[in-house]
Structures are given as C-alpha cells and as structure tokens.
1. Mind giving me the FRET efficiency for Asp60 and Asp17? R0 is 25 Å, r the Cβ-Cβ distance, nearest 0.05 is fine.
2. What lysines could a cross-link reach from Lys64, if we take a straight Cα to Cα line under 20 Å and drop same-chain neighbours fewer than 8 places away?
3. Which value, in Å², gives the accessible area per residue of the range 1-69 when a 1.4 Å probe is used on the protein heavy atoms?
4. Which aspartates and glutamates have a Cα less than 13 Å from the Cα of Lys46, not counting those fewer than 8 places away in the same chain?
5. I'd like the FRET efficiency for Ser3 and Ser33, computed as 1/(1 + (r/R0)^6) with the beta carbon distance as r and R0 of 30 Å, rounded to 0.05.
Amino acid sequence: MISPKPLLSENVKDFMDYALEVIKSMDGAPEHSAEDRIRVNENMAKLKEYLEAVSVSYHDTIPKETENPATDISTNFIGTGHS
C-alpha cells in the first residue's frame, strides 16, 4: 500500500513519476510475453494505489464546510431585481 505524503504536490509528483514508468513498461505491447503482460498489469494496479494517495491527499487538503450558505433559505430575501 502506498502511504499518502503530507503535501498534495508530493503525492501528485509520485503519481506522475510512476505513471511515466508504467507508460514505458507498456512500450512494445504487441510483442509482450505473458510475463511482460503480468508485470504491466501489476504496474497499473500500483498506479491505482498512487492515484488513491493523490485522492486522499486532495480531500485532506480542501477545507471542510459544515453547511452550505448558498442553500440556506431560512430567511426571506428582499431585494431588487429586473421585472
């Protein structure tokens, strides 16, 4: 399991670096042996773990809102508008 790092940018960098490795491992796909295909599939599974670390890091970074003021209509709105 990939452990998320403290900064979102670090997690994104790790994901991108590993994604390039996975892409390189896919080179020559038509000539891949069964062993090559297994290795590429393992690489893609690990890449999903890196992406999950990015997702966790992103969600830990964004501010948490307890309520959405745009949907709070408990008071009447009085204003001007076009008719």
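The values are calculated or read from the model by the stated rules, or taken from the named source; none is laboratory data. A quick note: this is a predicted structure, and the numbers were derived from the prediction, not measured. Positions of Cβ are generated from backbone atoms using ideal geometry, with glycine treated the same way; all protein chains shown enter the neighbour counts. SASA here: full protein model, heavy atoms, side chains in, ligands and nucleic acids out. Shrake-Rupley method; radii C 1.70, N 1.55, O 1.52, S 1.80 Å.
1. Details: r = 21 Å, r/R0 = 0.83.
Efficiency at R0 = 25 Å is approximately 0.75.
2. Cα-Cα hits under 20 Å: Lys5.
3. Values: 5370 Å² over 69 residues.
Dividing the accessible area of the range 1-69 by its residue count gives 78 Å².
4. Asp14, Asp17, Glu21
5. On the way: r = 32 Å, r/R0 = 1.08.
For R0 = 30 Å, the calculated efficiency reads 0.40.
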